[in-house]
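A short write-up of the structure that comes next.
The values are calculated or read from the model by the stated rules, or taken from the named source; none is laboratory data. All of these numbers come straight from a predicted model, not from anything done at the bench. Heads up, the Cβs are rebuilt from the backbone with ideal geometry, glycines too, and the neighbour counts pull from every protein chain shown. The area values use the complete protein model at the heavy-atom level, side chains included, leaving out ligands, DNA and RNA. Shrake-Rupley method; radii C 1.70, N 1.55, O 1.52, S 1.80 Å.
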Amino acid sequence: MSYVSPLQDPNRILVFDTSLRDGEQAPGFSLGVKEKLMMAHALKELGVDIIEAGFAASSPGDEAALHAVASEVEGPTFCSLSRALESDLDAAARALEPAKRSRVHIFLATSPIHRAAKLKKTRDEVLEIGVRAVSYAAKLFDEVEFSPEDAIRTEPDFLTEICQAVADAGATTLNIPDTVGYSTPNEIFRIFTALKSQITGHPDMVYSAHCHNDLGLAVANTLSAIDAGARQIECTINGIGERAGNCSLEEVIMALKVRPDLYSVTTGIDTTKLTGVSRMLSRATGSVMVRNKAIVGKNAFAHESGIHQHGMLNDARTYEIMRPEDVGLEKSNMVLGKHSGRHAIAKQAAAMGHVLDDKALTEVFQAFKRRADEIGEIDENELKSLLNRTNAHGDTARISGVRTQVIRDRTDIALDLLHDDRSLQTVRGEGSNAFEAGMDALSKAYGITAQVADCEITQAGFDFEGGAFAEISLNIKGEVYRGRGRGPDPVWAGLRALCDAFEKSVFLALANERKDVAPDTTPIKIAANT
């Protein structure tokens with residue numbers, strides 16, 4: 001990735017990602033060295049300009065993680081957060097020593113409430129501390145960024161005074177953080193406009209926005225800062241961060257991409273990698289993405305309303321302002337529910353290339369209703385699976401019984417598979433836990449080697465009576481098959497999802513084999529394993 005600064009292109013926005021620092025320090029989002037390395041590589045491929053990979057002085061572990069990331073990943077500028085203390089700056093310098101281009105991000109509280117309650121310092125004392133820290137840092141790092149913490153609640157005259165002073169001392173980036181998510185777009189615009197006009201002698205200064213989301217305005221405030229001349233934006237993947245989080249990288253980037261008529265600026269971000277990086281972070285942190293999350297949520301390109309589906313089938317631009325391919329998805333998702341009728345099923349099947357006669361439609365519709373009762377919504381992948389099973393004229397199996405026995409550190413499992421003819425088949429496996437044992441049993445039964453590509457299990461309803469729902473994707477010979485299942489608890493739901501994924505792989509193969517062959521109605525049973 002070639003580094004392009006706003007000095008070279010005044011319409012170029014630098015993207016500063018702080019997922020591995022501000023995002024990671026929030027409760028429930030802690031990352032180890034392995035996860036930070038994985039995410040740093042992904043952020044580099046995404047096209048991020050600056051990666052704030054930690055706070056070196058916060059712990060020996062964070063310093064080691066920063067050092068490891070700066071040693072292994074090449075391309076972006078690497079940054080460490082630092083207090084305005086020489087000991088912190090020294091720790092950051094040690095951590096970033098391997099980086100080809102290093103930056104330190106110094107923060108110092110400037111608002112009246114922070115000066116009084118936290119620092120117990122006067123304005124003059126805070127000013128002196130900031131200048132001394134920046135002067136020291138300028139000798140150690142390629143770039144020095146200064147953040148007046150709680151800038152929005154800082155007196156305007158003092159905000160200008162300290163920004164001018166640290167710029168004179170060697171700061172190369174002035175970051176104006178809305179630390180507590182208090183500001184609004186109009187106010188942010190006024191603050192950035194005022195600072196840019198009042199700070200003198202530094203035409204090459206980069207002004208940066210760092211907006212928190214406490215009022216749900218982080219993205220809007222960041223866009224307003226860009227309008228006012230900010231040329232660096234600080235954000236996180238999925239908007240993770242302290243309290244309500246930070247400006248969401250994927251949201252602000254796609255806003256710039258979708259509305260070039262309003263924002264005539266560019267970034268180095270490859271938007272086709274947004275969904276992949278988002279899901280990688282969700283897996284690394286163990287956090288489940290809400291379905292309606294903008295850009296990367298499961299519902300972002302899903303359509304269930306009949307009116308919307310009709311418009312989408314005619315022209316996707318009727319209800320989508322961006323293409324799913326632009327953010328790394330293959331296509332939009334037309335969703336059917338348990339209340340959908342025969343006509344909706346037939347129409348969706350036809351749109352997928354399956355023209356059904358009355359008999360075939362009846363078979364598919366009956367299978368659709370059974371499956372909708374089991375898992376709720378039926379998306380295109382699920383409908384495709386139902387069509388493949390009907391075309392293959394095969395026998396389906398689902399888990400109707402689970403028995404486990406734990407012997408020391410090993411779990412033995414027996415799964416009862418109920419077939420269409422109501423016959424039961426028992427398959428057995430073992431592993432370190434119920435899921436691993438179930439995977440072993442099903443792999444043997446189907447004669448298929450598979451690896452789990454993704455897994456999400458959630459509790460349904462307001463109490464445990466709602467049971468659990470699982471979605472598990474299996475990688476089988478380079479193809480990914482997504483299984484879904486419900487059960488009285490997460491184990492049942494997960495095992496049923498595993499079984500469903502195996503079933504889908506089998507029936508897709510059968511459907512492909514029989515495309516040009518007359519239908520054979522002989523049921524096909526999976527291998528016995530008793």
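A single member of E145, E155 is charged (D, E, K, R) and touching a His at 6+ places or on another chain (Cβ under 7 Å), and it is E145. Looking at D440, D489, D395, D454, just one residue is open to solvent by less than 80 Å² (accessible area, probe 1.4 Å), among the charged types (D, E, K, R) and modelled with pLDDT of 90 or more, and that residue is D440. Number of residues in segment 168-185 that are open to solvent by 10 Å² or more (accessible area, probe 1.4 Å), polar (S, T, N, Q) and either over 26 Å from the mean Cα position of the chain (by Cα) or under 13 Å from D150 (Cβ atoms) (or both) equals 2. Considering only residues of segment 25-79 that are surrounded by fewer than 19 Cβ atoms within 10 Å (Cβ to Cβ) and hydroxyl-bearing (S, T, Y), which is nearest to L249 (Cα to Cα)? Checked segment 25-79; the qualifying residue nearest to L249 (Cα to Cα) is S30. One residue stands out in segment 186-222 among those that are within 19 Å of G47 (Cβ to Cβ) and of a type in the set (A, V, I, L, M): the one that is surrounded by the fewest Cβ atoms within 10 Å (Cβ to Cβ), namely V206. Among the residues that make up segment 422-431, is at least one of them open to solvent by 70 Å² or more (accessible area, probe 1.4 Å), modelled with pLDDT of 90 or more and not polar (S, T, N, Q)? Scanning segment 422-431, I find at least one residue that is open to solvent by 70 Å² or more (accessible area, probe 1.4 Å), modelled with pLDDT of 90 or more and not polar (S, T, N, Q), so the answer is yes.
Let's see how each residue does on (1) among the charged types (D, E, K, R); (2) in contact with a helix residue (DSSP H, G or I) (Cβ under 8 Å, 6 or more places away or on another chain); (3) over 19 Å from E380 (Cα atoms); (4) open to solvent by 40 Å² or more (accessible area, probe 1.4 Å):
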site: V288; (1), (2), (3), (4): no, yes, yes, yes
site: V296; (1), (2), (3), (4): no, yes, no, no
site: N299; (1), (2), (3), (4): no, no, no, yes
site: P324; (1), (2), (3), (4): no, no, no, no
site: K338; (1), (2), (3), (4): yes, yes, no, yes
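Run down G239, G229 and say which single residue is surrounded by fewer than 23 Cβ atoms within 10 Å (Cβ to Cβ) and either at negative phi or not β-branched (V, I, T) (or both).
Details: G239 fails: surrounded by fewer than 23 Cβ atoms within 10 Å (Cβ to Cβ).
On inspection, the qualifying residue turns out to be G229.
Would you tally the residues in segment 420-456 being acidic (D, E) and over 34 Å from the mean Cα position of the chain (by Cα)?
First, the residues of segment 420-456 that are acidic (D, E): 420-421, 430, 436, 440, 454, 456.
Right, trim to over 34 Å from the mean Cα position of the chain (by Cα) and you get 420-421.
Counting residues in segment 420-456 that are acidic (D, E) and over 34 Å from the mean Cα position of the chain (by Cα) gives 2.
Annotation note: of A302, A367, the sole residue that is among the aliphatic types (A, V, I, L, M), touching a strand residue (DSSP E or B) at 6+ places or on another chain (Cβ under 6 Å) and within 29 Å of I457 (Cβ to Cβ) is A302.
Scanning segment 252-282 for residues that are under 17 Å from L329 (Cβ atoms) and in contact with a strand residue (DSSP E or B) (Cβ under 8 Å, 6 or more places away or on another chain), which turns out least open to solvent (accessible area, probe 1.4 Å)? Here the residue is I253. Is one or more of the residues making up segment 424-436 without any contact (Cβ under 8 Å) to a residue 12 or more places away in the chain and among the basic types (K, R)? No; the residues of segment 424-436 include none that is without any contact (Cβ under 8 Å) to a residue 12 or more places away in the chain and among the basic types (K, R). A search for C-beta distances below 6 Å between a residue of segment 51-63 that is within 16 Å of E145 (Cβ to Cβ) and any residue that is open to solvent by less than 40 Å² (accessible area, probe 1.4 Å) and part of a loop (DSSP other than H, G, I, E, B), counting only pairs 6+ apart in sequence or on different chains, returns I51/P76; E52/T18. If you go through segment 296-310 one residue at a time, do you hit one that is among the β-branched types (V, I, T) and modelled with pLDDT of 95 or more? The answer is no; no qualifying residue exists.
Looking at segment 1-18 only, could you name the residues that are open to solvent by less than 20 Å² (accessible area, probe 1.4 Å), among the aliphatic types (A, V, I, L, M) and either assigned to a strand (DSSP E or B) or at pLDDT below 95 (or both)? Once the filter is applied, which keeps residues that are open to solvent by less than 20 Å² (accessible area, probe 1.4 Å), among the aliphatic types (A, V, I, L, M) and either assigned to a strand (DSSP E or B) or at pLDDT below 95 (or both), segment 1-18 yields L14, V15.
Could you tell me which of the residues R231, R243 is of a type in the set (D, E, K, R) and touching a Ser or Thr at 6+ places or on another chain (Cβ under 9 Å)? Before you say what the answer is, go through the steps one by one.
Details: R243 fails: touching a Ser or Thr at 6+ places or on another chain (Cβ under 9 Å).
Only one candidate passes the filter, namely R231.
Identify the residue in segment 88-109 that is charged (D, E, K, R) and more than 11 Å from E143 (Cβ to Cβ) and, among all such residues, is most open to solvent (accessible area, probe 1.4 Å). Filtering first and then ranking leaves K100.
Counting only residues that are crowded, with 18+ Cβ neighbours inside 10 Å and of a type in the set (S, T, Y), segment 358-385 holds 1 of them. Checking each residue in segment 340-357 for being in a helix (DSSP H, G or I), open to solvent by less than 30 Å² (accessible area, probe 1.4 Å) and at pLDDT below 80 picks out only Q348.
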